[in-house]
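This is the structure I have questions about; it appears just below.
The values are calculated or read from the model by the stated rules, or taken from the named source; none is laboratory data. Because the structure is a prediction, the values reported are computed rather than measured. Cβ atoms come from the backbone with ideal geometry, glycine included; neighbour counts cover every protein chain shown.
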Amino acid sequence: MLNQTELITLSKGSQVDHFLLVKKCEPRLTKNNKQYLTMELGDKSASFGCNIWEEFEDLLKVIKCGDIVKVYGNVEEYQSAPQIRISSIRIAQPLDQVSPSDFLVRSKRDLESMKIELRQRIDKISNSKLRSLMNLIFSGNIFEKFYTAPAGKSWHHSYIHGLIEHTIEIIRICDLMCDIHSELNRDLLICGAILHDLGKTEELSFDSAFEYTDKGKLLGHIVIAAMLVNEEAKQIPDFPNDLKDCLIHLILSHQGKLEYASPVVPKTVEAIALYQADELSAKVNAYKNAIATEIKGDGKWTKFLNIVSTDLFKHGISPEIEEEINKTLFD
């Protein structure tokens, strides 16, 4: 069992004597064309960057993403971000009794409850063709991969069981939208919500540090899911082509814009609802996690986050309402 101080608790000047997971490892060139090694090392709480400027050639031959290393050094800061100045580093050995699972963050939601909720929601689909399709797809080992996978490599729901958590959030948002807008086809939209990120089970590897697979890099999760749904629908007799096309459109358009890697933009009311539900779930989760991990010192602001082109503010305002009223959908 790993027993060491969490990385997130360390500050400038702190000593590092840790086993850490290699999340990134690649050689780069300085402006003067001198090669150096840049890495990202992390535990469950945080990830710190580090650079090795000299005598890293032997290490580069044996180290790769997903490895565990024993690191000695101290914490420094560069552009307000913590970095590790390494004094020594080695690959973990079997006698160290550490494994990648010691470093993988997991959803805070109860997994069994999420699995039951997803199954129950599939059972509520009234369209027999769609329900048959969903039961066909979520049979065998694909369901195990689905509830284990993260929903992203680093930005949102980027932890074990993150994909099923993200999916359930979107299902609930879409169900609410159907209550508000009766014109929406609830069965179609809910199936799109369940399937929209299914391709991430093959796009990402998640046994150790999260990485894109060869298939993920070549095809992407949107195309992978669309191809899977198209093939599985062929096994259901007389599956309506228009229903299949509208369902696949939900998958293809769920990222909303061509520049966000969607092959098409949303062209049905269900597609725009799914896109906005996906945005809401992903961004609230990402912002929440950024505020939890990227606050600078004892302040209220995160560092500047390039991915959203802003820093984020932690207001610290406590809700002044009854606890019973303030429960979440998951309570």
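Looking at the stretch 121-180, what helices (runs of 4 or more DSSP H) fall wholly within it and have at least 1 residues that are modelled with pLDDT of 95 or more, more than 23 Å from the chain's Cα centre (by Cα) and surrounded by fewer than 21 Cβ atoms within 10 Å (Cβ to Cβ)?
128-137, 162-180
While we're here: Quick one: S101 ticks every box in (1) surrounded by 18 or more Cβ atoms within 10 Å (Cβ to Cβ); (2) within 27 Å of E294 (Cβ to Cβ) except a single one, so which number is it?
In the conditions (1) surrounded by 18 or more Cβ atoms within 10 Å (Cβ to Cβ); (2) within 27 Å of E294 (Cβ to Cβ), S101 misses (1) alone.
Condition (residue is buried (at least 24 other Cβ atoms within 10 Å of the Cβ) and at pLDDT 95 or above) applied to the stretch 236-244: is it met by at least one residue?
No, that holds for no residue.
Okay, residues lined up against (1) touching a Gly at 6+ places or on another chain (Cβ under 6 Å); (2) polar (S, T, N, Q); (3) surrounded by 16 or more Cβ atoms within 10 Å (Cβ to Cβ):
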| residue | (1), (2), (3) |
| --- | --- |
| F56 | no, no, yes |
| V62 | no, no, no |
| G73 | no, no, yes |
| Q79 | no, yes, no |
| Q83 | yes, yes, yes |
| A92 | no, no, yes |
| V105 | no, no, yes |
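Further question on the same structure: Between a residue in the stretch 157-175 that is aromatic (F, W, Y) and any residue that is crowded, with 23+ Cβ neighbours inside 10 Å, which pairs come within a Cβ distance under 7 Å, given they are 6 or more apart or on different chains?
Matching pairs, first to second residue: Y159/P150.
Within the stretch 90-122, count every residue that is more than 12 Å from D67 (Cα to Cα) and small (G, A, S).
2
Is it the case that S208 is of a type in the set (S, T, Y), surrounded by 17 or more Cβ atoms within 10 Å (Cβ to Cβ) and at pLDDT below 95?
yes
Tell me yes or no: at least one residue of the stretch 270-283 is assigned to a loop (DSSP other than H, G, I, E, B), closer than 25 Å to L198 by Cα, modelled with pLDDT of 90 or more and in contact with a Cys (Cβ under 9 Å, 6 or more places away or on another chain).
No, the conditions are met nowhere in the stretch 270-283.
Which residue pairs have Cβ atoms closer than 7 Å, lie 6 or more positions apart in sequence or on different chains, and pair a first residue in the stretch 259-280 that is under 16 Å from C191 (Cα atoms) and aromatic (F, W, Y) with a second residue that is at pLDDT 95 or above and surrounded by 17 or more Cβ atoms within 10 Å (Cβ to Cβ)?
Cβ pairs passing all conditions: Y275/S253; Y275/H254; Y275/P266.
Those residues that are more than 29 Å from the chain's Cα centre (by Cα) and within 20 Å of K267 (Cβ to Cβ), I need them from the stretch 218-244; list them, please.
Across the stretch 218-244, the qualifying residues are P240, N241, D242, L243.
Would you check if L274 is surrounded by 13 or more Cβ atoms within 10 Å (Cβ to Cβ), among the hydrophobic types (A, V, I, L, M, F, W, C) and under 22 Å from I222 (Cα atoms)?
The answer is yes for L274.
Tally time: how many residues in the stretch 142-168 are among the aromatic types (F, W, Y) and touching a Ser or Thr at 6+ places or on another chain (Cβ under 9 Å)?
2
Go through the stretch 27-48 and report how many residues are out of contact with any Gly (no Cβ under 6 Å at 6 or more places or on another chain) and under 14 Å from T293 (Cβ atoms).
Result for the stretch 27-48: 7.
Within the stretch 256-269, which residues are of a type outside the set (D, E) and either part of a helix (DSSP H, G or I) or buried (at least 23 other Cβ atoms within 10 Å of the Cβ) (or both)?
L258, Y260, V269
Find the strands (runs of 3 or more DSSP E) located wholly in the stretch 1-103 whose residues include 1 or more that are farther than 23 Å from S154 by Cβ, and list them.
Output list reads 15-29, 35-42, 68-78, 81-91.
For the subset of the stretch 196-217 comprising residues that are touching a strand residue (DSSP E or B) at 6+ places or on another chain (Cβ under 8 Å), free of Cβ contacts under 8 Å to residues at least 24 places away in the same chain and of a type outside the set (S, T, N, Q), which member is nearest to E165 (Cα to Cα)?
Looking at the filtered set, the residue picked out is E203.
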